[in-house]
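The values are calculated or read from the model by the stated rules, or taken from the named source; none is laboratory data. This one's a predicted model, so the numbers in the text were calculated from it and none came from an experiment. Neighbour counts run over all protein chains shown; Cβ positions are idealised from the backbone, glycine included.
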Amino acid sequence: MQSDREVIAVRAEETLDTGRLEPWLRRRLPKTDGSLRVAQFGGGHANLTYLIGFGETEYVLRRPPLGHVAPTSHDMLREHSVLKDLSTVFPLAPRSFAVCEDASIIGAPFHVMERRLGFVIRTQLPDDRTWPPALNRRVGEMLVDALAALHRVSPEAAGLGDLGRPEGFVARQLEGWSKRWHAAKHEDNPAVSKIIAWLERDIPTSAQVSLLHNDFKLDNVLVDFADPANATAILDWDMCTRGDPLMDLGYTLTFWGEAGDDPRWIKAASMPTWNEGFPSRADVTQRYALLTGFDCARIHWYQIFGALKIAVILQQIYIRFLRGQTSDERFRIFGQRIDGLVDKARALAGL
């Protein structure tokens, strides 16, 4: 799903058993002429993503990370089920062609989807082009508009009217991510306990229900080579559900760095929105509210929850590194990033 600049040779510990995989693919994909080739997309920190090619035809294979996987996380069956239906009504959702529940094929469940072309903007703006303030603003507005468009999709029209359990969604999410923290932590952190207690004291009542991406940020959006303000796809749908749409907005705002933010917060988790021209978090909230008609008065609570959630996601990855279940050196600094996110949530909550 990324551009060729992110395609690498498959990491030694993340190889696929093509002897089992190839016949499975040939029986289920629409075009499989030519010999099989496999490469890996080097970006991303959790699910493993591969470029699968047959002749001129390319696909993307997605599987969970190596090592222990938290329950309900990295759900390839859910991602396939969502994308095969959502892609019919939401153009930024890539189509998924096939799913495999048999772990004996490559060692885990996986699904295979269409490849969209484009590139990903990560924590820094790419240095192979100029990024004038006007372009940055358009990129920021594109991201808000894409989120609002997703939240305006009728779940019933997308065939996803029975996805998830919207009633009590916010409280259940807080409970679930709190449990995930305790399951993945390698040491006690009193600040996290205080943040969870603060969030529990005044859980918002959801005023609306929509489809949620549940990991919506700039590096999960594929953008056009010629004009980065045009999205070509939204990636990583394995946590998609129905629930309170402000959970998505608050999560995105947690990544939405601004020039005046604490440098530790930007290092912990930030899109390059602190560059000149990008809309502010207040601008984002206002634009989103106008596009959706949703009441965003309680967005502060959702943003603090977003910081906690991101800290837990990083902790789930970091513990695999500490246990030796992955040797990816990018994960070595995750302890510092987690500390930065905990500090951010604590400061935003006034603790």
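Among the residues making up the range 223-253, those that are touching an Asp or Glu at 6+ places or on another chain (Cβ under 8 Å) and charged (D, E, K, R) are ASP236, ASP238. Of all residues in the range 297-327, how many are more than 21 Å from the chain's Cα centre (by Cα) and closer than 30 Å to HIS182 by Cα? The total comes to 6.
Residues in the range 108-118 that are of a type outside the set (D, E, K, R), surrounded by fewer than 19 Cβ atoms within 10 Å (Cβ to Cβ) and outside any loop (DSSP other than H, G, I, E, B): there are none. Criterion applied to GLY159, GLY168 was being surrounded by fewer than 19 Cβ atoms within 10 Å (Cβ to Cβ) and closer than 30 Å to VAL120 by Cα, and the one residue passing it is GLY159.
All conditions but one from (1) within 18 Å of the chain's Cα centre (by Cα); (2) at pLDDT below 95 apply to LEU86; the one that does not is (2). Being within 23 Å of ASP238 (Cα to Cα) and among the aromatic types (Phe, Trp, Tyr) is a description that applies to PHE41. Of the strands (runs of 3 or more DSSP E) lying entirely inside the range 9-68, those containing at least 3 residues that are without any contact (Cβ under 8 Å) to a residue 40 or more places away in the chain and either in contact with a Ser or Thr (Cβ under 8 Å, 6 or more places away or on another chain) or loosely packed, with under 13 Cβ neighbours inside 10 Å (or both) span 36-41. Quick check on the range 320-333. Is at least one of its residues within 28 Å of ALA171 (Cα to Cα), outside the structural domain of THR15 (by TED's automatic domain parsing) and touching a Ser or Thr at 6+ places or on another chain (Cβ under 9 Å)? Yes. In the range 128-151, how many residues are more than 19 Å from the chain's Cα centre (by Cα), assigned to a helix (DSSP H, G or I) and charged (D, E, K, R)? Counting residues in the range 128-151 that are more than 19 Å from the chain's Cα centre (by Cα), assigned to a helix (DSSP H, G or I) and charged (D, E, K, R) gives 2. Looking only at residues of the range 89-107 that are crowded, with 16+ Cβ neighbours inside 10 Å and among the small types (Gly, Ala, Ser), we find that the one that is farthest from the chain's Cα centre (by Cα) is ALA98. If we scan the range 272-293, do we find a residue that is under 25 Å from VAL192 (Cα atoms), without any contact (Cβ under 8 Å) to a residue 60 or more places away in the chain, not in a helix (DSSP H, G or I) and not assigned by TED's automatic domain parsing to the domain that holds GLU14? No: the range 272-293 contains no residue that is under 25 Å from VAL192 (Cα atoms), without any contact (Cβ under 8 Å) to a residue 60 or more places away in the chain, not in a helix (DSSP H, G or I) and not assigned by TED's automatic domain parsing to the domain that holds GLU14.
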